[in-house]
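Each reported figure results from applying straightforward, stated rules to the coordinates on display, with no laboratory input. Owing to the predicted nature of the structure, the values given are computational and were not obtained by experimental measurement. Cβ placement follows ideal geometry from the backbone for every residue including glycine, while neighbour counts extend to all protein chains displayed.
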Amino acid sequence: MGLFSLYKPKEYNYRYIYYDPKKEAAKEREKKAAEGENKIPEDYKPGIHRGTFREMAQKSKQMRTEQIRQSNLRLIIIIALLFAIAYFLLR
């Protein structure tokens, strides 16, 4: 009965606790790419061209300088109004 049977340890089946949606999405994309489902449509035009980032940075810089200029003008007007009010109150 048990003369020649060897002891076999119990198998350990690890169940993953953590779920990584990024990894699952990457696997799905790889699977679709292997099947050839990711085809670029003919009417696709990329929105990024050479110099796009430089243009965006320049626009951002111009907007920031304009905002600073407007802020400084508002500050000068507020200070002038406060001085005028203080002059009339202390007079």
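How much of the pair distance distribution for segment 28-75 lies past 14 Å, counting alpha-carbon pairs only, in percent?
72 percent
Can you tell me how much longer the chain between A80 and K59 gets when fully stretched, taken as 0.36 nm per residue apart minus their C-alpha distance, in nm with one decimal?
The span from A80 to K59 would gain 4.4 nm if fully extended.
Grab the eigenvalues of the alpha-carbon gyration tensor for segment 50-91, scale each by 5, take roots, and send me the semi-axes largest first in whole angstrom.
41, 4, 4
Which residues make up the longest stretch of the chain that has no chymotrypsin sites (Phe, Trp or Tyr not before Pro) in a DSSP loop with at most 10 other Cβ atoms within 10 Å?
Segment 45-91 is the longest.
Which shape class applies to the chain: rounded if a/c is under 1.5, otherwise prolate when a/b exceeds b/c and oblate if not, where a ≥ b ≥ c are the square roots of the Cα gyration tensor eigenvalues?
oblate
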